[in-house]
1. With N residues in the chain, what two-decimal value do you get for its Cα radius of gyration over 2.2 N^0.38 Å?
2. Note down, for region 250-356, the three equivalent ellipsoid semi-axes (square root of 5 times each alpha carbon gyration tensor eigenvalue), biggest first, whole angstrom.
3. For a quick check, take a GNM of the chain with Cα springs below 10 Å and name the residue from 173, 244, 185 with the largest mean-square fluctuation.
4. Where does helix 177-188 land angle-wise versus the long Cα axis of the chain, in degrees 0 to 90, nearest 10?
5. Just for the chain, what percent of DSSP beta bridges are antiparallel, to the closest 5?
6. Quick check: the angle from helix 6-21's long axis to the longest principal axis of the chain, C-alpha only, nearest 10 degrees?
7. Would you kindly state how much longer the chain becomes between residue 318 and residue 201 on full extension, computed as 0.36 nm times their sequence separation minus their alpha carbon distance, in nm to one decimal?
8. Angle, helix 62-79 long axis vs. longest principal axis of the chain, Cα atoms, 0 to 90°, nearest 10?
């Protein structure tokens, strides 16, 4: 990274707020309209941070910038105390934070950063130029229930879906299938969700529908090809541009091209592997770089990368080796990435769902697997699509397919469970059991 990078600084600034309050925030970056303006023209509520020393030789020093911002915010908070140290001690239960940050570089105003708890509130502040400071009681609203109750971490499991409230999440392949179910679940639980998909028409439609239902900006579409690293980089730049950072990255995009190892051509095999295996590597790499930057100013804030894997990643799949092989590999990547990224408080886990019988892969009336299997006579004595579905449901001890709600419960568990990483969590109705 070289030169001034306004979007990267947004992530470092967001980390300051996460660290101070233990709850989610949105940070919006805006280039300065008048770079030659003086700091004296702005309200005393606006904190001014000079980052010149972190841009030596035009190379951006991420660690140096994090140190500068941490020190500047500590000094600003001290200066806001009514009468120095004694008053600060008396008011230690109130945390004060600015709603607007001004960044200077060599006497030039580079950018403003506006902050609030959700994206609509930030936009309202920008429109109104409302720079009134935040005065936040400690513990901050949104703090984990066990901390509010004075319990040790992990001693409460109440309100599991609240673990994603006010969080910023991204779901690849989010416009349809399991991805859509996950997007809807996260938005209903109070998260801001980026719907990342090549299918931009579907992503935009879904985002509009969800935001209208939630009566807030709850979902934002963003285009991505997970097999193309440049596309993934652009996606995460968009996330930072529109929200300032990230808390939860769900790598869900996947494809299936079944075929015998004796017949499937190499191009088809590579297509499946590029999306399901290599795509997860690219997503984790770029998400990890973003989350590591945020970690520099929020060292105690835990973030999550979750791969939506498959039961085929646990047991294999007949004449479906490209898919199962990529999923097996994904579990290996999950465990390996978890060991590396734990240093930055990034947890990496996988969820291995059973068959999503109600999704288009299985239930599409023209191309779905139920129709294909009926026509191919794969299920003995089956005369209707319902017969085929019943046959496959009978293979599941709990007698039904996996649903979006089942996967959401696993996501909530993984996010809430601070003491677990590198795991492959089966959600298969007992069809695949770990041993």
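1. Values: Rg = 23.9 Å, N = 435, 2.2 N^0.38 = 22.1 Å.
Relative to the 2.2 N^0.38 Å estimate, the chain comes out at 1.08.
2. Each semi-axis is the square root of five times an eigenvalue, giving 30, 13, 10 Å.
3. Among 173, 244, 185, the largest GNM mean-square fluctuation belongs to 185.
4. 40
5. 35
6. Roughly 80 degrees between the two axes.
7. On the way: separation 117, 0.36 × 117 = 42.12 nm, distance 3.44 nm.
Gain on extension, residue 318 to residue 201, equals 38.7 nm.
8. 50
Coordinate-derived values only; no laboratory data. The model shown is predicted, which means the values in this text are computed figures rather than measured ones. With ideal geometry, Cβ positions are generated from the backbone for all residues, glycine too; neighbour counts draw on all protein chains shown.
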